[in-house]
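No value in this document is a laboratory result; all are computed from the given coordinates. All values reported here derive from a predicted model rather than from experimental measurement.
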Amino acid sequence: SIVLITIQVDSEKNDGGGTGFVIARRNNKALILTNHHVITTSTENRSVEAINVEWFSELKDGEYCRQSARLIQHDKQRDLALIEVDNVPDDIKPLKLNPAELDEGSEVTIIGHPDLDDSPWSVVTGKIASIVSRLQIDATVQEGNSGSPVFDKRDRVIGILTQSQPPVEGSNATG
């Protein structure tokens, strides 16, 4: 399952966020991978009051469910964060991961939440531009796509979208 992540900072409105995805279930708890910058603020003197996730559940009468999350681990340097949510509906499942080798030029799909207020989902396609220490993906993405899963053509996760780097030979996303 892919989730919308919002944070609240010193107020009751959404102050930012991005995307994340379920990587594991433990009984009624879900572990969600996202980016560190999605669940933190850009200013040091402001602290995050709440991390919320929102997902679509068939078991909840086809509604979007919003639940509180808590930070489990984070790595600022790698721009990764692991959050946990309790009392998750049974139909919220971990995404399948791809342990296989990747090839340059392979097609990828990115599903995320570029507009945290209006458009609930976006689907962007692209190709793996290069593989060095990170995947460089040739795809046009927007700010709210941070933390989105990057899928191979078999709908398995091959990476997580991190902050875009300046375009290099048509590439503007990393995973």
Contour minus end-to-end for Arg66 and Glu143, with contour as 0.36 nm per residue of separation and end-to-end as the Cα-Cα distance? 25.6 nm
Each residue of segment 142-156 in order: what ³J(HN,Hα) in whole Hz does its phi give by Karplus 6.51 cos²θ - 1.76 cosθ + 1.60, θ = phi - 60°, with x for Gly and Pro? 10, 3, x, 6, 3, x, 5, x, 9, 9, 7, 5, 9, 6, 10
Give, to the nearest whole percent, the P(r) tail of segment 65-132 beyond 14 angstrom, counting all Cα pairs. 78
Once the piece of chain linking Glu49 and Thr109 is laid out straight, how much longer is it, given 0.36 nm per residue of separation minus the C-alpha distance between them? 18.4 nm
